[in-house]
Amino acid sequence: MISTEQNFFELFNLDESFEVDLNALTERYHDLQNETHPDKFSGAGEAEKIRALQLNSLLNEAYSTLKTPLKRAGYLLALRGIETEQASQEDLSMDLLMEQMQQREKLAELPGDESALAELEQMKTSVGSRLQNSQSVFADHLNRIELKEAKQLFFEMQFLHKLLAEIEQGEEKRLGY
């Protein structure tokens with residue numbers, strides 16, 4: 001039975017790790033959805049209906065968190081008492097800050113038409129590859145309980161994720177979506 005006291009990994013019977021078996025996660029999610037869906041409690045008392053809604057909401061939040069690498073990384077850090085809502089100066093390297101500025105300038109300087117699509121695709125591939133690498137290194141640091149380094153990588157992953165989204169928006173804009 002689901003308990004609101006369980007952390008998200010316990011809820012899905014998964015090891016508390018950055019590496020998650022997404023198929024097992026999805027399968028367990030569907031099983032739990034069947035158990036807790038509010039429609040199953042339509043004839044129940046008001047308290048049971050409310051509990052079903054709460055459990056279903058928790059289940060949806062937990063699933064969303066664990067299936068998304070960036071959310072999962074933040075959650076894992078939070079479980080270890082690491083605050084990720086705001087970055088301090090020691091959390092961000094000067095190299096990362098400079099890179100953010102350069103990448104955003106590069107995006108802004110691209111032509112606003114389809115002629116920029118090849119460059120955007122190249123940027124997307126490069127940033128996607130770097131994000132994958134950062135996630136792998138994050139997992140290593142987390143496994144070795146190197147939380148300061150893991151936290152720094154979390155902020156790098158945030159930057160790369162946002163940059164990837166901006167590149168994709170640039171593609172959509174140029175394609176007329």
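The values are calculated or read from the model by the stated rules, or taken from the named source; none is laboratory data. The structure displayed is predicted, hence computed values, not measured ones. Here Cβ is always computed from backbone atoms with ideal geometry, including for glycine, and neighbour counts include all displayed protein chains.
Residues in region 82-115 that are assigned to a helix (DSSP H, G or I) and of a type in the set (A, V, I, L, M): Met94, Leu96, Leu97, Met98, Met101, Leu107, Ala108.
Sort out which residues of region 58-90 are hydroxyl-bearing (Ser, Thr, Tyr), free of Cβ contacts under 8 Å to residues at least 60 places away in the same chain and in contact with a helix residue (DSSP H, G or I) (Cβ under 8 Å, 6 or more places away or on another chain), and write them in order of number. Once the filter is applied, which keeps residues that are hydroxyl-bearing (Ser, Thr, Tyr), free of Cβ contacts under 8 Å to residues at least 60 places away in the same chain and in contact with a helix residue (DSSP H, G or I) (Cβ under 8 Å, 6 or more places away or on another chain), region 58-90 yields Tyr63, Ser64, Thr65. Based on what the data block shows, is Ser136 within 19 Å of Val20 (Cα to Cα), out of contact with any helix residue (DSSP H, G or I) (no Cβ under 8 Å at 6 or more places or on another chain), among the hydroxyl-bearing types (Ser, Thr, Tyr) and not assigned by TED's automatic domain parsing to the domain that holds Glu61? Yes. Pairs linking a residue in region 91-107 that is at negative phi to a residue that is of a type in the set (D, E, K, R), with Cβ atoms under 7 Å and 6 or more positions apart or on different chains, are Asp91/Lys151; Leu96/Glu156; Leu107/Glu166.
Against the condition under 27 Å from Glu19 (Cβ atoms), touching a Gly at 6+ places or on another chain (Cβ under 8 Å) and among the aliphatic types (A, V, I, L, M), how does Leu164 come out, does it pass? So Leu164 fits the description; yes.
To keep it simple, each residue is scored yes or no on (1) small (Gly, Ala, Ser); (2) part of a helix (DSSP H, G or I); (3) closer than 21 Å to Thr84 by Cβ.
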| position | (1), (2), (3) |
| --- | --- |
| Glu121 | no, yes, no |
| Leu131 | no, yes, yes |
| Ala139 | yes, yes, yes |
| Ile145 | no, no, yes |
| Glu149 | no, yes, yes |
| Gln152 | no, yes, yes |
| Glu156 | no, yes, yes |
| His161 | no, yes, yes |
| Ala165 | yes, yes, yes |
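All of Asn13, Asn7 fail the test of being at pLDDT below 95, closer than 24 Å to Asp140 by Cα and either under 17 Å from the mean Cα position of the chain (by Cα) or surrounded by 14 or more Cβ atoms within 10 Å (Cβ to Cβ) (or both), apart from Asn7. Counting the residues of region 84-105 that are surrounded by 12 or more Cβ atoms within 10 Å (Cβ to Cβ) and charged (D, E, K, R) gives 3.
So which residues in region 129-177 are within 17 Å of the chain's Cα centre (by Cα), loosely packed, with under 14 Cβ neighbours inside 10 Å and of a type in the set (Gly, Ala, Ser), if there are any at all? If the condition is that a residue be within 17 Å of the chain's Cα centre (by Cα), loosely packed, with under 14 Cβ neighbours inside 10 Å and of a type in the set (Gly, Ala, Ser), then Ser129, Ser136, Ala165 are the ones that fit.
The criterion of at least 2 residues that are β-branched (Val, Ile, Thr) is met by the following helices (runs of 4 or more DSSP H) wholly inside region 6-81: 22-36, 46-67. Considering region 30-57 alone, what residues qualify as being touching a residue at least 24 places away in the same chain (Cβ under 8 Å) and closer than 21 Å to Ser17 by Cβ? Scanning region 30-57 gives a single hit, Leu32.
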